[in-house]
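The values are calculated or read from the model by the stated rules, or taken from the named source; none is laboratory data. Since the structure is predicted, the reported quantities are computational estimates derived from the model, not experimental observations. Ideal geometry is used to build each Cβ from the backbone, glycine not excepted, and the neighbour counts take in all protein chains shown.
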Amino acid sequence: MKSKFSFLSIKTIPSLPWSSPKPLNFMPRIITVGFLVLGLVLFGVGEAVLIAAGIGVSPWTVLAQGVTNLTGWSIGFSTFVVSGSVLLLWIPLRQIPGIGTVLNVIIVAAVIDFTLHYLPITENDILQVLYAFAGVLVTGIGGGIYLAANLGAGPRDGLMTGLQRLSGAPIAWVRNGIEVSAVIAGWTLGGVVGVGTVLFAFLIGPSVALTFFVLNRLVAHRDLNS
């Protein structure tokens, strides 16, 4: 009998009826772009909910804070430098960008800014933790949906898939390793770590893997034209 946590052993992104045959695709189907955008919107909403929780930002923002403390750069520029550095790591990992790589930056940022205007703020400790947990879960779901479109990943997700292919380890553990490493590096440089940061670092990998598992079970073998 399969374990209830068998999704944690998933090592590949599922190929779904709407998945692009290759990341660098300049003429994708409308349905493929639709799922890409849906995933990125959910990704942005999840990030916004985590921010609104007010108990810790994502690991990569902690790293950007650490870089700011070290260099005196703005948090925005530090984030840009960190993302650019991660993209450089794609070269030895032979990761291929696509329109999803570009749209990731544009859509996620726009959705975060838009969503934060409408999210209620709470100072209740329990609600803040639930808020952060929901944010991580929604981010993972969005990440799984947009990655399954196979139109190119964002910097962090591309690093995840590249390292997974190189190591052969399950996606959940590879992603957790990346996020924990970012937290440790950022905290060492003076970045601020909170409960939300820890939740993100340890739960984002399983959230993405669980989304892949569910998508594969529900739609992997269905014909969208039937």
Quickly run through segment 15-31 and pick out the residues that are surrounded by fewer than 16 Cβ atoms within 10 Å (Cβ to Cβ) and either of a type in the set (A, V, I, L, M, F, W, C) or on the phi > 0 side of the Ramachandran plot (or both).
-> L24, F26, M27, I30, I31
Scan of segment 53-72 for residues that are modelled with pLDDT of 90 or more and among the hydrophobic types (A, V, I, L, M, F, W, C), ordered by number = A53, I55, W60, V62, L63, A64, V67, L70
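Pull up segment 28-77, narrow it to residues that are part of a loop (DSSP other than H, G, I, E, B) and hydrophobic (A, V, I, L, M, F, W, C), then point me to the one that is farthest from L203 (Cα to Cα).
Initially, segment 28-77 is screened for residues part of a loop (DSSP other than H, G, I, E, B), giving 28-29, 54-58, 72-74.
Narrowing further to those that are hydrophobic (A, V, I, L, M, F, W, C): 55, 57, 73.
Working: I55: 15, V57: 14, W73: 30 Å.
Among them, the one singled out is W73.
In segment 86-104, what residues are of a type in the set (A, V, I, L, M, F, W, C) and either without any contact (Cβ under 8 Å) to a residue 40 or more places away in the chain or in contact with a Pro (Cβ under 7 Å, 6 or more places away or on another chain) (or both)?
V86, L87, L88, I91, I96
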Filtering segment 28-44 for residues that are farther than 27 Å from L166 by Cβ and either charged (D, E, K, R) or at pLDDT 95 or above (or both) leaves a count of 9
Restricted to segment 62-81 and to residues being of a type in the set (S, T, N, Q) and in contact (Cβ under 8 Å) with a residue 40 or more places away in the chain, the residue surrounded by the fewest Cβ atoms within 10 Å (Cβ to Cβ) is N69
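So which residues in segment 168-200 are of a type in the set (S, T, N, Q) and either surrounded by 17 or more Cβ atoms within 10 Å (Cβ to Cβ) or closer than 21 Å to F5 by Cα (or both), if there are any at all?
So in segment 168-200, the residues of a type in the set (S, T, N, Q) come out as 176, 181, 188, 197.
Once the filter is applied, which keeps residues that are of a type in the set (S, T, N, Q) and either surrounded by 17 or more Cβ atoms within 10 Å (Cβ to Cβ) or closer than 21 Å to F5 by Cα (or both), segment 168-200 yields N176, T197.
Would you pick out the residues in segment 203-214 that are touching a helix residue (DSSP H, G or I) at 6+ places or on another chain (Cβ under 6 Å) and hydrophobic (A, V, I, L, M, F, W, C)?
First, pick out the residues of segment 203-214 that are touching a helix residue (DSSP H, G or I) at 6+ places or on another chain (Cβ under 6 Å): 203-213.
Listed by number, the residues that qualify are L203, I204, V208, A209, L210, F212, F213.
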Which condition number does I141 fail, the rest of (1) aliphatic (A, V, I, L, M); (2) buried (at least 21 other Cβ atoms within 10 Å of the Cβ); (3) modelled with pLDDT under 95 being met?
-> (3)
Check E47 against each of (1) crowded, with 22+ Cβ neighbours inside 10 Å; (2) touching a Leu at 6+ places or on another chain (Cβ under 9 Å); (3) closer than 16 Å to P155 by Cβ and name the one condition it does not meet.
-> (2)
